[in-house]
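To keep things clear, I will list the structure first and then write my remarks on it.
The values are calculated or read from the model by the stated rules, or taken from the named source; none is laboratory data. None of the values given here were measured: they were computed from a predicted structure. Please note: Cβ atoms are built from the backbone with ideal geometry, for glycine as well, and neighbour counts cover all protein chains shown.
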Amino acid sequence: MEIKHLREQKAVDSFIELLKEGKYKKATVKLGELRGMPEDFLKLYEYLAWESPLSKVKIRVKPVKAKIQCLSCDWKGDPEILKNGVRCPRCKGDVKILSGNEFSVEL
């Protein structure tokens, strides 16, 4: 399996460690757009949990859209997503991330 982004790997590894602590039947994951893609997260989880007790856990991933506030022009909205971060699409300035960096699990 090809892993495109290391961010999904870190999120899935953390998720698997959490699931190993108990016997869970279902889990809901809130995954911010800046943390990874829901499809990639699920594919990687299924691959790593294959033929283990964890493969029986029903997983639901809720994506959280990235939103920013520009520290230069004060614009709020969708960021320009770069390979190594995000920036304001209007002035290319630094930003404060308002959402999209979430990773939480509800068991």
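Listed values, structure above:
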quantity: Residues of the range 28-51 that turn out to be touching a residue at least 40 places away in the same chain (Cβ under 8 Å) and surrounded by fewer than 18 Cβ atoms within 10 Å (Cβ to Cβ), as a count; calculated: 4
quantity: Lone qualifier among 43, 23 - being among the basic types (Lys, Arg) and part of a helix (DSSP H, G or I); calculated: 43
quantity: Index of the failed condition, residue 81 passing every other in (1) in contact (Cβ under 8 Å) with a residue 40 or more places away in the chain; (2) assigned to a strand (DSSP E or B); (3) touching a strand residue (DSSP E or B) at 6+ places or on another chain (Cβ under 8 Å); calculated: (3)
quantity: Unique match (being modelled with pLDDT of 90 or more, closer than 25 Å to residue 99 by Cβ and not in a loop (DSSP other than H, G, I, E, B)) among 29, 12; calculated: 29
quantity: Residue check for residue 86: more than 14 Å from residue 8 (Cβ to Cβ), among the hydrophobic types (A, V, I, L, M, F, W, C) and assigned to a strand (DSSP E or B); calculated: yes
